[in-house]
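Bear in mind these aren't lab numbers, they're just calculated from the coordinates by the rules spelled out. Because the structure is a prediction, the values reported are computed rather than measured. Here Cβ is always computed from backbone atoms with ideal geometry, including for glycine, and neighbour counts include all displayed protein chains.
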Amino acid sequence: MRKPLLLVPIAILIIASRLFAQELPPATCSVLPLWTAASNACISRPTGYICNGGSAPVVEPVGPVSNALGPIGALVEIDAVDFIRTPPIAADMSTVGIAWLRSGGSLNYTALQLGDVSMRDVSPADFPAWTSFQLETADGASPCGTAPVSALVVQSAFGVPARIVVNGVSLALNGTVMIVTNPTQTRFIALSGQHSLIAFSAERTLYMGQEVNVERNPANPYAPSNQPSEAFPFDSTLLTNLPVALFDRPVILPQPGFVMTQGAVNLRSSPDQFSGVIMQVPAGQIMSVLGRSTDGLWFHVRLESGDTGWMLAELLAQNLGTISAVYAATPLPPQRYGELGTRAQVAAPAGAALRQGPEISFPLVTTLPDGTVVNLIARSPYSPWVKIEVAGYEGWIALIALSTQAYIEALPMDVNVPMPPATPTATNIPGLGGNAFPDPDRSGP
């Protein structure tokens, strides 16, 4: 059975608790305050624990474990939990289900429950908890029109694949996958990365932008009844209102399907043949499409590595659904909700230098003491520095000197930032580098 229960005592977030208890009429159904409260309570909490971000879930075993996970922000070790069901997101906000299960150690993935989602751990003995689980999500749209469908979003650690078993289907997780169920199917929708599924000895590759369905056994809905379907462009309606800023690693949602390079193709910074080249992508690379340019000539793409940029559509083999995201300029990735996306704290015992530009060669504005809370404004286009504001000062500080939960890539890039001052050329040592110097061995002029 389970290891002895380990509970982490925490302070209950009074304001957030009042928020969830508040009665709101359906006409004012707004999830933004709920996502913000959940973010404040659970983003970047430790691995190996479940964090409750909403209303009290149904938990087994009943008793100390279930009671411990009741308050928003509560943490309980994953080994202590056999079953968890988060409540639906009600139209009147009387219940809001949000919870993070963060596995650690050799099994490094996060499972985010949104809405009415049930998970039961059925991992074999000697396997880490939550290696294998039974999943059930409520079918259909939420009664709150601004909420997503009930779903489980699983995400591996960056660059570290994980293998888990969901309803008897083995999933090699390498990125982000959204999973929903209905009475007859378990549906796997790839939001980022490349994955594979195995059922009935058949393996299917699942690229970002695609969906694979597995039929459920009528006699045992937590076991497959057939091989996985072939992958196909996903149903984009399932992603409506999906709060990607709640993910441990936020992503720009892909469009249905994927594209592939047929030869070496330049990845550019803008949808313009004269814009800067980020890299040259070789033939055979599978990429998701994030959107297209207004003239339809360019695709905004994301590589499996996470790099993004623009490519000429006519140079790519296309296996796409309907592209609904259309824009003229590159959009920013999603930012964290609330102050998590705008605040940082100086984490430098000796203080951190605030400079006029994003490099140590720029003049010093002031030194910020350790623990100073600052407002994030922008990021540098050429260095790991961010522009901040605090107590009437504005300037640049090295990212390494800050502690923040903000998604730095989602900060606007300051394209008008000055380049570092030129470094003066050192004076050559006499006799070296062409300086005139008399040769002591020569007797003549």
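When the helices of the chain are scored as -39500 (n - 2.57) per DSSP H run of n ≥ 4 and the total is divided over every residue, the value at 222 nm lands at -1500 deg cm²/dmol. In units of the rule-of-thumb radius 2.2 N^0.38 Å, the chain shows an alpha carbon radius of gyration of 1.17. Give the shape of region 342-410 as rounded, prolate or oblate, defined through the alpha-carbon gyration tensor: a ≥ b ≥ c are the square roots of its eigenvalues, a/c under 1.5 means rounded, and otherwise the shape is prolate if a/b is larger than b/c and oblate if not. Because its axes are fairly even, with a/c under 1.5, region 342-410 counts as rounded. Could you state the number of Å between the C-alpha centres of region 208-226 and region 270-344? Answer, in whole Å: 31. Neighbour counts of C-beta atoms inside 10 Å place Asp370, Asp295, Asp121 in the sequence Asp295, Asp370, Asp121, starting with the fewest. For region 178-233, the relative contact order is 32 percent, taking Cα pairs closer than 8 Å that sit 6 or more residues apart in sequence and dividing their mean separation by the residue count. In terms of packing, defined here as the mean over residues of other Cβ atoms within 10 angstrom, the peptides 40-52, 328-340, 196-208, 275-287 line up highest first as 40-52, 196-208, 328-340, 275-287.
Would you mind calculating the relative contact order of region 7-246 from Cα pairs under 8 angstrom and at least 6 residues apart, reporting the percent as a whole number? If you can, show how the numbers build up before the last one.
On the way: 642 pairs, mean separation 31.8, N = 240.
RCO, region 7-246: 13 percent.
The angle separating the long axis of helix 32-42 from the principal Cα axis of greatest extent in the chain is about 80 degrees. Mind giving me the FRET efficiency for Ala202 and Leu315? R0 is 25 Å, r the Cβ-Cβ distance, nearest 0.05 is fine. Between Ala202 and Leu315 the formula returns 0.15. Extension gain for Glu304 to Asn416 (0.36 nm times residue separation, less C-alpha to C-alpha distance): 37.3 nm.
Counting other beta carbons within 10 Å of each residue's own, what order do Asp126, Asp272 fall into, fewest first?
Numbers: Asp126 5, Asp272 12.
The most exposed by this proxy come first: Asp126, Asp272.
Each residue of region 272-279 is assigned a 3J(HN,Hα), and the resulting list reads 7, 5, 9, 6, x, 8, 6, 6 Hz, derived from the Karplus form 6.51 cos²θ - 1.76 cosθ + 1.60 (θ = phi - 60°), x at Gly and Pro.
On full extension of the chain, what length is gained from Asp92 through Val373, given 0.36 nm per residue of separation minus the C-alpha to C-alpha distance? Display every interim value, and only then the final one.
Values: separation 281, 0.36 × 281 = 101.16 nm, distance 3.57 nm.
Going from the current span to full extension adds 97.6 nm.
Here each label is just a point 7 Å from Cα along the line to Cβ, and for Glu215 and Val277 those points are 5.0 nm apart.
Compared with the direct C-alpha span, the chain from Gln345 to Val58 gains 99.7 nm at full extension, assuming 0.36 nm per residue.
Between Asp295 and Ser383, the simple label model (points 7 Å from Cα in the Cβ direction) yields a spacing of 3.6 nm. Take every pair of alpha-carbon atoms less than 8 Å apart whose residues are at least six positions apart; their mean separation over the length of the chain yields a relative contact order of 8 percent. For region 290-300, backbone phi angles converted through the Karplus equation (6.51, -1.76, 1.60; θ = phi - 60°) give residue-by-residue couplings of 8, x, 9, 6, 5, 8, x, 8, 10, 10, 8 Hz, Gly and Pro being listed as x. Residues in region 312-319 carry Karplus couplings, in order, of 5, 4, 5, 8, 10, 6, 10, 10 Hz; the curve used is 6.51 cos²θ - 1.76 cosθ + 1.60 with θ = phi - 60°, and Gly or Pro positions show x.
Which order do Leu315, Leu411 fall in if you start with the one that has the fewest other Cβ atoms within 10 Å? Walk me through the numbers on the way to the answer.
On the way: Leu315 14, Leu411 20.
In order of increasing Cβ crowding within 10 Å: Leu315, Leu411.
Peptides 60-73, 239-252 ranked from most to least packed, by the mean per-residue count of other Cβ atoms within 10 Å: 239-252, 60-73.
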